[in-house]
1. Conditions: (1) surrounded by 12 or more Cβ atoms within 10 Å (Cβ to Cβ); (2) under 24 Å from residue 75 (Cα atoms). Residue 151 meets all but one. Number of the miss?
2. I'd like the full set of residues that are over 16 Å from residue 49 (Cβ atoms) and surrounded by fewer than 17 Cβ atoms within 10 Å (Cβ to Cβ), limited to the range 60-85.
3. Filter the range 137-172 for residues that are over 26 Å from residue 6 (Cα atoms) and hydrophobic (A, V, I, L, M, F, W, C) and give the result.
4. For residue 160, all conditions in the list (1) under 21 Å from residue 11 (Cβ atoms); (2) in contact with a Phe, Trp or Tyr (Cβ under 8 Å, 6 or more places away or on another chain); (3) part of a loop (DSSP other than H, G, I, E, B); (4) of a type outside the set (Asp, Glu) hold save one; what is the number of the exception?
5. Count, please, the residues in the range 74-122 that happen to be in contact (Cβ under 8 Å) with a residue 12 or more places away in the chain, of a type outside the set (Ser, Thr, Tyr) and in a strand (DSSP E or B).
6. Can you name the residue in the range 86-111 that is at pLDDT 95 or above and among the aliphatic types (A, V, I, L, M) and, of all such residues, is surrounded by the most Cβ atoms within 10 Å (Cβ to Cβ)?
7. Given the conditions (1) closer than 22 Å to residue 3 by Cα; (2) of a type in the set (A, V, I, L, M); (3) in a helix (DSSP H, G or I); (4) at pLDDT below 95, which single one is not true for residue 125?
Amino acid sequence: MSPVLTTQRFELWQPAPGDLADLFALTFDEETRRFLGSFVPSQMDAFNRLHRNAGSWALHGYGTFMVREKGAERIIANCGVFRSHRGFGQGLDDVPEAGWIVHKDHWGRGVAREVMEAALGWFDATHGRQRIGCMIEEGHVASDALAQRLGFVRYGLHQPEGGAALVLYERV
């Protein structure tokens, strides 16, 4: 199977059953998930994330990519545009949503920027330019800067009960 997209340094693949262990390892690292909420993922969480991502591809023709360095096997990131339904309104129900998770070992190397520029370019060319939502945990300075660099603008704030505030962005 060939990657869907390639960048200068990375290969981007649709989710596959063999990705489960790497996806679990990606989200299990405590520092990597520091801005992903306070949960500790289980194998079931990784299974559900993998199937949700694959389902977005199957039903909508787009989803997040499993990201590998060229020629490598290990997934180092999960990035792209997927179909979302957050359940709290404010423009994040049943819409395309951008998101990126990069393993801490690859932070500060421009992985999310390079991959998201390719993913958004592919999305626009394939599905037409349209509104895409994005949410970032308040205080995640690097992701805030990346969202703005990618053309997202802040439009709101969501304060979940008992959780960290989420800054809401959109690219129109």
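1. Result: residue 151 fails condition (2) only.
2. 60, 61, 69, 70, 71, 72, 73, 74
3. 141, 153, 157, 164, 165, 166, 167, 168
4. Condition (1) is where residue 160 drops out.
5. Final tally of qualifying residues: 15.
6. Only one residue fits best here, namely 98.
7. Among (1) closer than 22 Å to residue 3 by Cα; (2) of a type in the set (A, V, I, L, M); (3) in a helix (DSSP H, G or I); (4) at pLDDT below 95, residue 125 violates only (4).
The values are calculated or read from the model by the stated rules, or taken from the named source; none is laboratory data. Please read all numbers here as calculations on a predicted model, not as lab measurements. When we count neighbours, we look across all protein chains shown, and the Cβ atoms used for this are built from the backbone with ideal geometry, even at glycine.
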